[in-house]
1. I want to confirm something. Restricting to the stretch 139-159 and keeping residues that are of a type in the set (A, V, I, L, M, F, W, C) and more than 23 Å from GLU69 (Cβ to Cβ), which single residue is surrounded by the fewest Cβ atoms within 10 Å (Cβ to Cβ)?
2. One residue is enough: does the stretch 51-62 have a residue meeting the conditions under 20 Å from LYS104 (Cβ atoms), outside the structural domain of VAL176 (by TED's automatic domain parsing) and not in a strand (DSSP E or B)?
3. Has the stretch 124-133 got at least one residue that is closer than 26 Å to ARG172 by Cβ, free of Cβ contacts under 8 Å to residues at least 12 places away in the same chain and in contact with a helix residue (DSSP H, G or I) (Cβ under 7 Å, 6 or more places away or on another chain)?
4. Of the conditions (1) assigned to a strand (DSSP E or B); (2) without any contact (Cβ under 8 Å) to a residue 12 or more places away in the chain; (3) out of contact with any Phe, Trp or Tyr (no Cβ under 6 Å at 6 or more places or on another chain), ASP74 satisfies every one except a single condition; which number is it?
5. Can you find, within the stretch 84-122, the residue that is farthest from SER44 (Cα to Cα) among those that are out of contact with any helix residue (DSSP H, G or I) (no Cβ under 7 Å at 6 or more places or on another chain) and not in a helix (DSSP H, G or I)?
6. In the stretch 67-116, which residue that is aromatic (Phe, Trp, Tyr) and either at pLDDT 90 or above or crowded, with 18+ Cβ neighbours inside 10 Å (or both) is farthest from PHE27 (Cα to Cα)?
7. When you scan the stretch 175-182, do you find a residue that is over 19 Å from ARG67 (Cα atoms), of a type outside the set (Lys, Arg) and modelled with pLDDT of 90 or more, even just one?
8. So ILE131 clears everything in (1) surrounded by fewer than 16 Cβ atoms within 10 Å (Cβ to Cβ); (2) more than 27 Å from THR24 (Cβ to Cβ); (3) of a type outside the set (Asp, Glu) except one condition, right? Which one?
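The values are calculated or read from the model by the stated rules, or taken from the named source; none is laboratory data. This is a predicted model, so every value here is computed, not measured. Every residue, glycine among them, receives a Cβ derived from its backbone with ideal geometry; neighbour counts consider all protein chains shown.
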Amino acid sequence: METTIHTYKLKPGLFIAEKELVITPEFIEYKNSNNSSVKIGKSSFKDVKYLGDWIALYRFNLGYNYRIEIKYEDDKVLPISFVGYSNYKKVGTTYTDISKWIGKYFLSDIIHARLSEVSNKGGMQINDLVIKNEGLEWQNTLQLLPWQQVGLQEYHQYFVVFNKSNSNEYRRFSFVEWNSEILFNVLKALAE
């Protein structure tokens, strides 16, 4: 069987040497310009956050700073950052590809494991939500909200979980928080 290898040359800054990111179904490796590297195996991968912001000078956008943070064994964090100046749309495509492969090779296994945990053990907790087969429970209220009443709305930087019959009952989660990608995808699968 042939192993798929995705290799990216990333430029972290204007005067910083390129770094290499390698993504395979078995590991993620981030190589510095001085030939040191961090290699994260599939079993060590715990979570990911996707971040980014404009590089601006006065009122002019000069480019975009893309950041990905990967949490792995012992809650260590691997920060990966790269920029796109005049070519920020092309670099944005690279960012999208990297996110896609991390999701496919690493995050999807965690999401499936969490869904299995809900169906096999009857429930689990992510952040301040208790997720059960029957529905969702806010941690601070012990009231169960059946899945038919759970609404989920995604925005660019956050998502909202809400009670469809009472709009005052909601929780907002930023995508820059740990576990937010996992939580969003688990809720999306269960609320459908």
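1. Only one residue tops the list, namely LEU142.
2. no
3. Scanning the stretch 124-133 turns up at least one residue that is closer than 26 Å to ARG172 by Cβ, free of Cβ contacts under 8 Å to residues at least 12 places away in the same chain and in contact with a helix residue (DSSP H, G or I) (Cβ under 7 Å, 6 or more places away or on another chain).
4. Every condition holds for ASP74 apart from (1).
5. SER86
6. First, the residues of the stretch 67-116 that are aromatic (Phe, Trp, Tyr): 72, 82, 85, 88, 95, 101, 105-106.
Now narrow it down to the ones that are either at pLDDT 90 or above or crowded, with 18+ Cβ neighbours inside 10 Å (or both): 72, 82, 88, 95, 101, 105-106.
Details: TYR72: 11, PHE82: 20, TYR88: 27, TYR95: 18, TRP101: 11, TYR105: 9, PHE106: 9 Å.
My answer is TYR88.
7. no
8. Going through (1) surrounded by fewer than 16 Cβ atoms within 10 Å (Cβ to Cβ); (2) more than 27 Å from THR24 (Cβ to Cβ); (3) of a type outside the set (Asp, Glu) one by one, ILE131 breaks only (1).
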